[in-house]
1. Which ones in the range 162-211 are aliphatic (A, V, I, L, M) and either part of a helix (DSSP H, G or I) or closer than 20 Å to Met105 by Cα (or both)?
2. Would you please name the residue that is surrounded by the most Cβ atoms within 10 Å (Cβ to Cβ), looking only at residues in the range 197-211 that are over 19 Å from Asp178 (Cβ atoms) and not hydrophobic (A, V, I, L, M, F, W, C)?
3. Looking at the structure I just gave you, is Phe151 of a type in the set (A, V, I, L, M, F, W, C) and buried (at least 21 other Cβ atoms within 10 Å of the Cβ)?
4. In the range 80-109, which residue that is among the hydroxyl-bearing types (Ser, Thr, Tyr) and touching a residue at least 60 places away in the same chain (Cβ under 8 Å) is nearest to Leu146 (Cα to Cα)?
5. Considering every residue within the range 145-152, establish whether at least one is touching a residue at least 60 places away in the same chain (Cβ under 8 Å), in contact with a His (Cβ under 7 Å, 6 or more places away or on another chain) and in a strand (DSSP E or B).
6. Going by what's in this entry, would Lys158 be described as farther than 19 Å from Ala77 by Cβ and modelled with pLDDT under 95?
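The values are calculated or read from the model by the stated rules, or taken from the named source; none is laboratory data. Model, not experiment: these values are computed from the prediction. Heads up, the Cβs are rebuilt from the backbone with ideal geometry, glycines too, and the neighbour counts pull from every protein chain shown.
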Amino acid sequence: MFDEMIKEALRADFEREIGLALEEFPLDHKFSRRHLRQMKRLFRLSEGKSSFRKRIFIAAVAVLAAAILLAGFCFFAMINGFAFRIYPDHSAVTGFDIQNPAQNMDSIYSLSEESGYELVSRDIGISFCVTLYRKNEKQLTLTQSLPSLSFNVNTENKTVEEIAVKGCNGYFICMDEDSLLCWAMDGYVFMIEGNIDRNEAAELAELTVLP
């Protein structure tokens, strides 16, 4: 329909120009075959360009629609003080309901000696601290971060369970052989992850202290 409108507009403009010329030169005039062929070629070119523009427009709409559909795979959920931006195979998580959120890593927390775990290594950054612990065949990481830091969590086909640690909001996810427990405390976000069960993860969270 858009192509036809352009063609009609071109024809109308062409006829108007010819009409003005005939009014000015009212003599009978016959266009040469060469001129007629050129005019037909002009119409074909204008139609082709219009069709090309139309194809580009359709392709652009298709790309935009695909982008919207891809974005549509993501949606939000609020779970016990944490915001989950959920994708098909993971979630980007941030803490949003945290009292007096910390602005920097002034205080570094650890597992108390009662846990029985040995500190193996520690990596401290501007907005996070990751500590590796080991106990016999068990290994886990204790992550401490600023609430503003977003981190990815494997939530594909997983159930997120609300949990409280020292009276603070948190959540627990069982990931096959590993477990992940995350909670907010003293303005920071903490996460324990390793080949431990729910009960041990909760006990270790309670034993996370400031030395």
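1. Passing the criteria: Ala184, Met185, Val189, Met191, Ile192, Ala201, Ala202, Leu204, Ala205, Leu207, Val209, Leu210.
2. Filtering the range 197-211 for residues that are over 19 Å from Asp178 (Cβ atoms) and not hydrophobic (A, V, I, L, M, F, W, C), the one surrounded by the most Cβ atoms within 10 Å (Cβ to Cβ) comes out as Glu206.
3. Numbers: of a type in the set (A, V, I, L, M, F, W, C): yes; buried (at least 21 other Cβ atoms within 10 Å of the Cβ): no.
The answer is no for Phe151.
4. Top of the filtered list is Ser107.
5. Checked against the condition, which is being touching a residue at least 60 places away in the same chain (Cβ under 8 Å), in contact with a His (Cβ under 7 Å, 6 or more places away or on another chain) and in a strand (DSSP E or B), the range 145-152 yields at least one hit.
6. When the stated conditions are applied, Lys158 does not pass them.
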